[in-house]
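> Provided herewith is a single structure, encoded as structure tokens, for subsequent inquiry.
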Amino acid sequence: MRLIGVDENGYGPLLGPLLVTAARAETDRRRETPDLWEALEIGRRPGPEPFVCDSKLVFGAGPGRSERGEEMVLALLLARTGELAESANRFLELVLANAELGLEFPCRSGALRPVCWEADFKLGLNAERRRRIERLARRFEAAGRAAGVQLETPRAALFCPRLFNQHCGPAAESNKSELVIRTGLALSGRERPAELAAVLGKVGGRHYYARHLSEHFPGCRVETLREEPAISAYRLRDGERLHRFTYLADGESRDFLVAAASLFGKYSREIFWKKTVRFFAARASEPLPPASGYRDGITRRFVAATAGIRKRLGIPEDCFLRLR
């Protein structure tokens with residue numbers, strides 16, 4: 001059975017990227033979906049032992065907890081790729097699925113200046129943290145083998161402001177809810193294994209997803225099992241094969257792979273946003289306010305403080321601000 005959990009990060013900010021991330025696993029179990037927290041002996045909340053949980057409980061909750069969250073992410077990635085990412089750009093190269101989804105960054109091929117990509121930085125892993133990450137990776141691998149579960153490399157689609165605006169800005173026909181739903185299904189893949197069980201976070205309070213499933217999996221019969229505020233569940237019939245898609249409210253606290261996707265997506269968003277801030281900080285005449293990118297007063301001051309830099313460098317507004 002193939003298991004997939006999908007979550008989004010950065011749905012509402014004014015600045016920075018939107019990410020849709022899929023965490024995936026293979027298990028030798030059939031029909032019954034295992035509780036991966038229990039199977040892999042991983043905690044559901046932040047603590048001294050290994051944990052996978054909602055990223056909102058980790059990043060931004062103090063430097064100690066953020067460091068632990070970073071170590072969980074890097075250890076899970078190391079366990080699958082055999083590589084401990086040393087820099088922001090290398091981490092993104094290992095995780096981002098934009099190219100395979102046909103979501104090329106506009107600044108990579110055109111005349112736009114690649115603002116978000118110019119400032120790489122080291123992740124700052126000292127010898128002690130490296131050893132801790134390596135021990136965690138070995139533990140994840142051993143627990144997976146014992147439980148008959150093979151975790152796969154998480155994959156994320158990153159929509160920088162320009163790409164976001166192209167897909168759901170004022171001139172686009174779509175909106176960000178539709179963008180997140182379609183991208184989550186794209187990360188689930190079009191190829192259908194013997195059995196697929198996907199859990200996705202609910203988007204924008206929506207309860208109805210059958211149309212999206214039918215459009216993404218043509219030829220499959222979509223049966224609606226439940227459509228309620230907390231859960232929308234569907235069964236796809238593909239000949240003799242059955243696949244399950246479940247959309248959950250607060251999925252990060254109810255499904256291990258959705259929580260893992262939340263952690264990877266949030267960490268990816270954080271380091272991508274840091275790259276953007278470093279680009280402008282290196283060109284500012286005085287220190288910039290430490291903006292989060294969310295719609296608050298500090299972020300508005302960051303927008304005002306960078307206006308002169310953006311004008312001088314010819315950075316278009318839709319390459320910096322999310323216009324919807």
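The values are calculated or read from the model by the stated rules, or taken from the named source; none is laboratory data. None of these values were measured; they are calculated from a predicted model. Note that we place each Cβ from the backbone using ideal geometry, even for glycine, and neighbour counts take in every protein chain shown.
> Looking only at the stretch 169-191, count how many residues are out of contact with any His (no Cβ under 7 Å at 6 or more places or on another chain), at pLDDT 90 or above and buried (at least 21 other Cβ atoms within 10 Å of the Cβ).
Counting residues in the stretch 169-191 that are out of contact with any His (no Cβ under 7 Å at 6 or more places or on another chain), at pLDDT 90 or above and buried (at least 21 other Cβ atoms within 10 Å of the Cβ) gives 5.
> How many residues does the stretch 3-55 hold that are of a type in the set (D, E, K, R), surrounded by fewer than 20 Cβ atoms within 10 Å (Cβ to Cβ), closer than 19 Å to F140 by Cβ and in contact (Cβ under 8 Å) with a residue 60 or more places away in the chain? Lay out the reasoning, then the answer.
From the stretch 3-55, those of a type in the set (D, E, K, R) are 7-8, 24, 26, 28-32, 35, 38, 41, 44-45, 49, 54; that's our starting set.
From what is left, the residues that are surrounded by fewer than 20 Cβ atoms within 10 Å (Cβ to Cβ) are 26, 28-32, 35, 38, 41, 44-45, 49.
With the extra rule that they be closer than 19 Å to F140 by Cβ, the set shrinks to 26, 28-29, 35, 38, 41, 44-45, 49.
Among the residues that remain, those that are also in contact (Cβ under 8 Å) with a residue 60 or more places away in the chain are: 26, 28-29, 35, 41, 44.
Number of matching residues: 6.
> Could I ask something else about it? Could you count how many residues in the stretch 61-91 are free of Cβ contacts under 8 Å to residues at least 24 places away in the same chain and not basic (K, R)?
Taking the stretch 61-91 and keeping what is free of Cβ contacts under 8 Å to residues at least 24 places away in the same chain, we get 61-66, 68, 82-83, 90.
Among the residues that remain, those that are also not basic (K, R) are: 61-64, 66, 82-83.
Here the count works out to 7.
> Turning to a different aspect of this structure: Is it fair to say L263 is out of contact with any strand residue (DSSP E or B) (no Cβ under 7 Å at 6 or more places or on another chain), of a type outside the set (K, R), buried (at least 18 other Cβ atoms within 10 Å of the Cβ) and within 29 Å of V52 (Cβ to Cβ)?
On the way: out of contact with any strand residue (DSSP E or B) (no Cβ under 7 Å at 6 or more places or on another chain): yes; of a type outside the set (K, R): yes; buried (at least 18 other Cβ atoms within 10 Å of the Cβ): yes; within 29 Å of V52 (Cβ to Cβ): yes.
Yes; evaluated as a whole, the condition is true for this residue.
> Okay, next question. Only one of L123, L76 is under 26 Å from P46 (Cα atoms) and buried (at least 16 other Cβ atoms within 10 Å of the Cβ). Can you tell me which? Even if it seems obvious, please write down each step before you answer.
On the way: L123 fails: buried (at least 16 other Cβ atoms within 10 Å of the Cβ).
Result of the check over L123, L76: L76.
> Let me ask something else. Kindly list the number of the only condition in (1) touching a Ser or Thr at 6+ places or on another chain (Cβ under 7 Å); (2) in contact (Cβ under 8 Å) with a residue 60 or more places away in the chain that fails for L94.
Looking at each condition in turn, L94 falls short on (2).
> How many of the residues making up the stretch 181-238 are within 20 Å of the chain's Cα centre (by Cα), of a type in the set (G, A, S) and either over 14 Å from A249 (Cβ atoms) or part of a loop (DSSP other than H, G, I, E, B) (or both)?
Matching residues across the stretch 181-238 total 8.
> Quick one: F280 ticks every box in (1) out of contact with any Asp or Glu (no Cβ under 9 Å at 6 or more places or on another chain); (2) within 19 Å of G12 (Cβ to Cβ); (3) assigned to a helix (DSSP H, G or I) bar one, so which box is it?
Unmet condition: (2).
> Continuing with the same structure: Could you please tell me which pairs satisfy a Cβ distance under 6 Å, a separation of 6+ or placement on different chains, a first residue in the stretch 199-213 that is closer than 20 Å to R24 by Cα, and a second residue that is among the acidic types (D, E)?
Close Cβ pairs satisfying both conditions: V199/D255; G201/D7.
> I'd like the residue in the stretch 282-297 that is surrounded by 13 or more Cβ atoms within 10 Å (Cβ to Cβ) and within 19 Å of P161 (Cα to Cα) and, out of all such residues, is farthest from the chain's Cα centre (by Cα).
Within the stretch 282-297, the match that is farthest from the chain's Cα centre (by Cα) is D296.
> Out of all the residues in the stretch 8-44, which are within 21 Å of A79 (Cα to Cα) and either assigned to a loop (DSSP other than H, G, I, E, B) or within 13 Å of the chain's Cα centre (by Cα) (or both)? Explain how you work it out, then say what you get.
So in the stretch 8-44, the residues within 21 Å of A79 (Cα to Cα) come out as 21-28, 34-44.
Those that are within 21 Å of A79 (Cα to Cα) and either assigned to a loop (DSSP other than H, G, I, E, B) or within 13 Å of the chain's Cα centre (by Cα) (or both): T21, A22, A23, R24, D28, P34, D35, L40, E41, I42, R44.
> When residues of the stretch 270-291 are filtered for being aromatic (F, W, Y) and within 24 Å of L76 (Cβ to Cβ), how many remain?
Of the residues in the stretch 270-291, the ones aromatic (F, W, Y) are 272-273, 279-280.
Now drop any that are not within 24 Å of L76 (Cβ to Cβ), which leaves 272-273.
Matching residues across the stretch 270-291 total 2.
> Further, regarding this structure: Taking A157 as the residue in question, decide whether it is closer than 25 Å to G110 by Cβ, in contact with a helix residue (DSSP H, G or I) (Cβ under 6 Å, 6 or more places away or on another chain) and part of a strand (DSSP E or B).
On the way: closer than 25 Å to G110 by Cβ: yes; in contact with a helix residue (DSSP H, G or I) (Cβ under 6 Å, 6 or more places away or on another chain): yes; part of a strand (DSSP E or B): yes.
So A157 fits the description; yes.
> Need the failing condition index for D120 against (1) touching a strand residue (DSSP E or B) at 6+ places or on another chain (Cβ under 7 Å); (2) at pLDDT below 90; (3) under 30 Å from P316 (Cα atoms), just the number.
D120 satisfies every listed condition except (2).
> Picking from Y247, Y294, Y267, which residue would you name as being within 27 Å of M72 (Cα to Cα) and touching a Ser or Thr at 6+ places or on another chain (Cβ under 7 Å)?
Working: Y294 fails: touching a Ser or Thr at 6+ places or on another chain (Cβ under 7 Å); Y267 fails: touching a Ser or Thr at 6+ places or on another chain (Cβ under 7 Å).
The conditions single out Y247.
> Now for a different question. Would you check if Y234 is surrounded by 13 or more Cβ atoms within 10 Å (Cβ to Cβ) and touching a Leu at 6+ places or on another chain (Cβ under 7 Å)? Spell out how you get there, then give the answer.
Working: surrounded by 13 or more Cβ atoms within 10 Å (Cβ to Cβ): yes; touching a Leu at 6+ places or on another chain (Cβ under 7 Å): yes.
It is true that Y234 is surrounded by 13 or more Cβ atoms within 10 Å (Cβ to Cβ) and touching a Leu at 6+ places or on another chain (Cβ under 7 Å).
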